[in-house]
Structures are given as structure tokens and as C-alpha cells.
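**Q** I'd like to ask some things about the structure below.
The values are calculated or read from the model by the stated rules, or taken from the named source; none is laboratory data. Just so it is clear, the model here is predicted, and its values are computed rather than measured. A quick note on method: Cβ atoms are made from the backbone with ideal geometry, for glycine too, and the neighbour counts reach across all protein chains shown.
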Amino acid sequence: MVVLPCSAVLFDVDGTLVDSTPLVEAAAREWAAEYGVDADDYLAGAHGRRTSDRIAEFLPAERVAEATARLDALEASRTDGITALPDAVRLLDSLDGLPWALVTSMDLGQLRTRTGVAGVPLPPVVVTAERVRAGKPDPQGYLLAARELGADPSACVVVEDAPAGIRAGRAAGATVVAVTTSHDASELGEAHWIVPDLTHITATPAGLTLTTTL
């Protein structure tokens, strides 16, 4: 058992609290066929990153905005397969008195849709793709969330599922806990702590407790 005292908890969303993998993959494959991009190559490094940042690695700069809008539209047209990950709602509901925020590579519309379908609550502080100049692995999102909660980033715990998000949390100076819901533990080694999923995290007013670590 590991006890992590903290002033606030900063959660990633997709892959950490919500699973929208079927939707994201179906939309990406349709988009890739339209734009002549290898879907497997695109998806291999897309999770946890802003859509525009990933698309910029495949298309010329002048096509990024239009291509991003198209992929966003394809994702927005679907809600199939969106679910809350095990114990996500239980953990959030148990954060009684412990400030928390969401920091996601999704835009606000995507966030509201996916959390709404999954039944995951939204806190007062949410940092979405359009609120930062640079997405994960840049720490801007986590630094902004900590600032808006009035917390020192070094006193925050970040909960993530993807390497890009882990690097962002560490660069912000936070303690990072990774869940193996989308990546194997061997890919999450930059996190301070790794747990199988949220069922192994409990909350107290003073912080988080990890009941099992990998």
C-alpha cells in the first residue's frame, strides 16, 4: 500500500476515466482513408495527444486545421461504445474535500459528450485542448489546472494512462500515477507509480492511497 498526500488530483480523461476506444478508432480509420494516411501509423501515437498535434505529423501545415476539423466531426457524430472505466465514478465521488480537475487532449465539446454518455461528472476546473498553446507532453495543461485550483503543482497527483500525459505531469512537477488501461506497464515506466486500474486507488481528504502497485 502506498499513501500519496496531496493538495489536488489532476485526472486525464480518455483512457483514464472514460473508454471511447471503439469510437476513436472507427473515426480515425475513416478519416485516414479520406486523407491517404496509414491508419495504424496514425493511431500508434495518437492516444493522449491533441488531434491537431498528431495530424501535423502526417499532413502539411496548411491542411492541419481542415483535417483536424474533419476528424473532430467524425468523432462528434458517434457515441457508440463510450463507457466509464471501472470505478471511475466511485473514485470521483469519493474525493470529498480534495480538489480535483480534468486535463484532457479533447476539446470541450468532445469532453462534455463523452463524460455525459459515460456518466462521469465534470468538476469546476477543466482544461481542454483549446485552452493551451501546446498539448501533452507539454506541461501547460497540468500547470494551468493546478493554478486554477490554487495548488502548487509539486503538491498535486496526476492520474494518467498514456506516455505523453505521464511526461506532461512529470514536467509540471507533479507526482504521476499511471493506470494500465490503454498501455502495458512496460510503456509507462516514466510514471512514479503504476496501478492496474482505478479500482486500486482510494481517496481521503488528505490524498490518495494505492492499494496495489506494479
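**Q** Looking only at the range 112-130, which residues are closer than 13 Å to Asp12 by Cα and aliphatic (A, V, I, L, M)?
**A** Within the range 112-130, Val120, Leu122, Val125, Val126, Val127, Ala129 meet the criteria.
**Q** Here is a follow-up. Which one is nearest to Glu130 (Cα to Cα), of the residues in the range 99-114 that are surrounded by fewer than 24 Cβ atoms within 10 Å (Cβ to Cβ) and among the polar types (S, T, N, Q)?
**A** Gln110
**Q** Name the single residue, out of those in the range 152-171 being among the acidic types (Asp, Glu) and closer than 20 Å to Gly15 by Cα, that is surrounded by the fewest Cβ atoms within 10 Å (Cβ to Cβ).
**A** Residues of the range 152-171 among the acidic types (Asp, Glu): 152, 160-161.
Pick out the ones that are also closer than 20 Å to Gly15 by Cα and you get 160-161.
On the way: Glu160: 31, Asp161: 25.
Filtering the range 152-171 for residues that are among the acidic types (Asp, Glu) and closer than 20 Å to Gly15 by Cα, the one surrounded by the fewest Cβ atoms within 10 Å (Cβ to Cβ) comes out as Asp161.
**Q** Checking the condition surrounded by fewer than 22 Cβ atoms within 10 Å (Cβ to Cβ) and within 15 Å of Met106 (Cβ to Cβ), which residue from Leu122, Leu149 passes? Write out each step before concluding.
**A** Values: Leu149 fails: within 15 Å of Met106 (Cβ to Cβ).
Being surrounded by fewer than 22 Cβ atoms within 10 Å (Cβ to Cβ) and within 15 Å of Met106 (Cβ to Cβ) holds for just one of Leu122, Leu149, which is Leu122.
**Q** Please go through the range 70-94 and pick out each residue that is modelled with pLDDT of 95 or more and in a loop (DSSP other than H, G, I, E, B).
**A** Ile82, Leu85, Pro86, Asp87, Ser94 - these are the residues of the range 70-94 that are modelled with pLDDT of 95 or more and in a loop (DSSP other than H, G, I, E, B).
**Q** When Val24 is evaluated against the numbered criteria (1) crowded, with 22+ Cβ neighbours inside 10 Å; (2) in contact with an Asp or Glu (Cβ under 8 Å, 6 or more places away or on another chain); (3) not in a helix (DSSP H, G or I), which criterion, by number, is the only one it fails?
**A** It fails just one condition, (3).
**Q** From the list Val117, Val157, which residue is among the hydrophobic types (A, V, I, L, M, F, W, C) and in a strand (DSSP E or B)?
**A** Details: Val117 fails: in a strand (DSSP E or B).
Answer to the check: Val157.
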